[in-house]
Structures are given as C-alpha cells and as structure tokens.
Amino acid sequence: LLPHANPGVMGPRDLARLREVSPSMGMMLENLTPRLRLPGMAHEHAPDKAPGARMATLRFAGELRIAFTTGLLLGIGETPRERVETLWEIRRAQERYGHIQEVIVQNFRAKPGIPMHDWPDATLTDLLRTIAVARLVLGGEMNLQAPPNLMPEAYPMLVLAGINDWGGVSPVTPDHINPEAPWPEIELLARRSAEVGYTLRERLTVYPEFITHKPGFVPESLRDHVARLADAQGYARPHEKAP
C-alpha cells in the first residue's frame, strides 16, 4: 500500500506527521476567487475552501517537500479570468517550492441530492480551453490530468488539448465523488492513448520524477518501500516482477 492522502486544509504539524506514511498528498483549489463564498455560491457553506486557507496548505506542503496534487473544478460559478488567475497562483507556488506533481482540470457534474443539483454541467469546450491554457501557463513539464470518466466521448481531444495523465483509474472501485460515471476499462484507455501517439503506463501515487530526479520528496521512512515498487524510471514495476 502506498497511500495518496487527500486531507483537505491542514497545518504544518499534521502535514508533517502524515508525510511519514503518505509520500504524496492532494487538495483541489477548485478556484481561488472569494466570490464563490458569497450567498448562493458554491463555497458559501465551506469554510475550509476559503482561498487563504487552501493556499496556506499548498505553501505548507511546499515547505515540507511533499509531492502535491492540486487543481481546478470548472463550472461552479467562476469566470474564465478567475480560472486563469488560479492557474497563475499554482504556477507561483510551483516556481517557489517545486512540489506540485500534478494539476487536475476537472469538470463539475450536477447530480441529485446536492444543493447544486440543477446547476449546468461544465461544457466540453470549457474543459478543453482550460486544459490548453493550463498547459500554456504551467509549462511543458507539469503533469496535467482530466478524469476520463467525466467526458468519455472526448479521450483524444483531452490528450490533444494538453493532458498527459488520466489520474487514478480503478478496475475494482467506483469513483466515489461521481459514482454515476463508471471508470473506463484500462485496455480502452490504452488504445485511445495510442491513437494519439501515447503509451499508457502505470505509475505510483508519487510521480516518477519525484522518485528519480527530485531528492528529498520521498521521506526516509518510505524510501525502501517506494524503491521496491518503482522501476528504474520511477514508474510502477509490473506486479508479477515486484521483489
């Protein structure tokens, strides 16, 4: 087991403790505009989604050298400009700490039983535009992800727009946030990736470059365990060959 923790807003003491058992962590910024905390908006009743609190957690993770995933949630009331401003905040944090291993660009999907059940879903055009802008703002070295189960008709377009990662896709568990959207078959993702010139490879929760080229991000308590699970390039070893 090599956990990827999504603890939400945390302070440096708790992040440091969690780092000893979880080599990577994540927390979506969603969007940093304070407008989303106004009455009737998506973050009104979510005090832990205050922009300052989320950015503080992102900075603490950088100071502690935690390989960190973050990202945007599209279609929750933000404007295109506010998306770009959030991307620039991510870039500034990355330039300072170098700890962001992945940025997710995820489209919101309304569902029954939530306060935003009648909110319009983010469009494919919005998703593709934001991925392309994220690639421009964050540069060619950043790992960009879009969940493949939320726009299953758009696999090639998502890759061509700028993503290079499909995220965690499970053959045994559902997407607990979007249970109505089943994960695609791994073989299908491999074929669709190959159609646009990419080879699908399995990775660990911590990205290869944080294992092979960025010292200090895998804590000493986990180095031997990560070394047993990773190949020479930092990707996951084939299961049958793991020592």
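Normalised by the residues of the chain, what does the relative contact order come to in percent, with Cα pairs under 8 Å and at least six apart?
Computed value for the chain: 18 percent relative contact order.
Taking amide H atoms as placed 1.01 Å from N in the peptide plane, the amide H of Ala230 lies under 5 Å from those of Arg237, each 5 or more residues away in sequence or on another chain. Over the residues of the chain, the helix contribution to mean residue ellipticity at 222 nm works out to -10500 deg cm²/dmol, using -39500 (n - 2.57) for each DSSP H run of at least 4.
For Glu20, the shell of other residues with beta-carbons less than 14 Å away shows a net charge of +2, using +1 for Lys and Arg and -1 for Asp and Glu. Here the chain is treated with +1 on each Lys and Arg Cβ and -1 on each Asp and Glu Cβ, and its dipole about the Cα centre works out to around 580 debye. A dipole drawn for region 135-227 from +1 and -1 charges on Cβ atoms has a positive end, and of Ile186, Pro171, Thr205 the residue lying farthest that way is Thr205. Here's how it looks for Ile104: its modeled amide H is under 5 Å from those of Thr70, Gly71, Leu72, Gln145, which are all 5 or more places away or on a different chain.
Restricting the calculation to Cα atoms, every distinct pair contributes to the Kirkwood radius of region 60-152, found to be 14.1 Å.
Between beta-carbons, use under 12 Å as the cut-off and find the net charge around Ile66, counting Lys and Arg +1, Asp and Glu -1. Computed value for this residue: +2. Normalised by 2.2 N^0.38 Å, where N is the number of residues, the alpha-carbon radius of gyration of the chain equals 1.00. The alpha carbon centroids of region 88-116 and region 197-219 are separated by 19 Å.
Bear in mind these aren't lab numbers, they're just calculated from the coordinates by the rules spelled out. Keep in mind that what you see is a predicted model, and the values were worked out from it rather than measured. For neighbour counting, all protein chains shown are included, and Cβ atoms are generated from backbone atoms with ideal geometry for every residue, glycine included.
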